[in-house]
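K.L.:
First the structure, which I've put down as C-alpha cells, then a few questions once you've had a look.
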Amino acid sequence: MKTIDIFDDRYEHVGTADKKQAHRDGLWHRTFSALAINPTTRRIVLQKKAAGRYSFDRPDYADITVGGHYEAGESIEQGIREVHEELGLPVTYTDLHPIGLRQTVVTLAPDYIEREFQHWHLLPLDIDLDAIPLADAEVAGLVDLDVDHAIALAEGTRTDAPARYATRTDTGLDHIEGTLTRDDLVPNYLRTDQLYLRTFVAARRYCAGERDHLYW
C-alpha cells in the first residue's frame, strides 16, 4: 500500500499515512495533475479510467489526462513519474508548464474524502493520439478533441463534440472517431470552481503563445 505525506490545512507537513487511510479519514495530502495539450493541432487529451479503478461507483468519465498521488518524500518535480506510468512517455518535469496549486475538499463516498493540495500542470505534447503508448493497464483509453470544443462543452454552450478515441483492447489500442458529450465529463469538475473550464482556457491561452503568469 502506498505511503503518502500528510499536511495540515496550511500545507505544513505533519507526518505520513497510508493512502487509503488518508481518504477514509479526510487527511490533507498532495497530488499531481497534468492536462495534455497539442499546441500545433490545438487538441487536448483526456483519460478514460479502467473499470474498478475506484472503491466507489464512478461512471467511465473523461478525466484529466494524468493524475496521481505523490509518494512520501517525493519532490514536486518527481510527480512526472505519473506521466511515465500512465502514458508511457519519456518526458521530463521541465517539459511541463506549471499552472498553480488547487486546494480542494470533496466527499465522494462515506469512506472516500478528498482533501488535496493538487499541483496542476499543462503537458505540451506535439504528437498525435496514436503515438501515445498508454502504458498503464489502469487506464482504459484516451480521448482527444479540439480545445475550443472542449471549452464549449465545459461552459455548457454545446452538449457534444467530435472526438478521437484510443481504447485499450485485448490486442492493443483501437483508434476510432467518435463523439464526446458533456455527460461524459466528471460532474464535480463542471461545478464549484469549474475545473474543466479553467484548465481548458489555460490550455487555449498556452496555444496562443501565453507563457507568463498562466494560472488556471
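Every read-out reported here was derived from the displayed coordinates using simple, explicitly stated rules and does not represent laboratory data. Treat the numbers as computed from the prediction; the structure is a model and nothing was measured. When we count neighbours, we look across all protein chains shown, and the Cβ atoms used for this are built from the backbone with ideal geometry, even at glycine.
K.L.:
Using 7 Å Cα-to-Cβ label points, what is the TYR11/LEU173 separation (nm, one decimal)?
P.N.:
3.3
K.L.:
In sequence order, what are the phi-derived ³J(HN,Hα) couplings for region 158-171 according to the Karplus relation 6.51 cos²θ - 1.76 cosθ + 1.60 with θ = phi - 60°, rounded to whole Hz, with x for glycine and proline?
P.N.:
Result, ordered by residue: 8, 9, 8, 8, x, 8, 10, 10, 10, 10, 5, 10, 5, 10 Hz.
K.L.:
Still on this structure, I have one more. Report the residue, chosen from TYR93, TYR70, TYR196, that carries the largest GNM mean-square fluctuation when the chain is represented by alpha-carbon nodes joined by springs under 10 Å.
P.N.:
Top of the fluctuation ranking is TYR93.
K.L.:
For GLN21 and LEU101 in one chain, what is 0.36 nm times their gap in residues minus the Cα-Cα distance, to one decimal in nm?
P.N.:
Working: separation 80, 0.36 × 80 = 28.80 nm, distance 2.30 nm.
Additional length available on full extension: 26.5 nm.
K.L.:
Enumerate the amide H contacts of VAL186 below 5 Å, restricted to partners 5 or more residues apart or on another chain; note that Pro and chain-start residues carry no placed amide H.
P.N.:
Correct list: ALA62.
K.L.:
Okay, moving on. How large is ³J(HN,Hα) for each residue in region 112-124, as worked out from phi by the Karplus curve 6.51 cos²θ - 1.76 cosθ + 1.60 (θ = phi - 60°), to whole Hz, x for Gly and Pro?
P.N.:
9, 10, 9, 10, 10, 9, 9, 8, 9, 9, 9, 10, x
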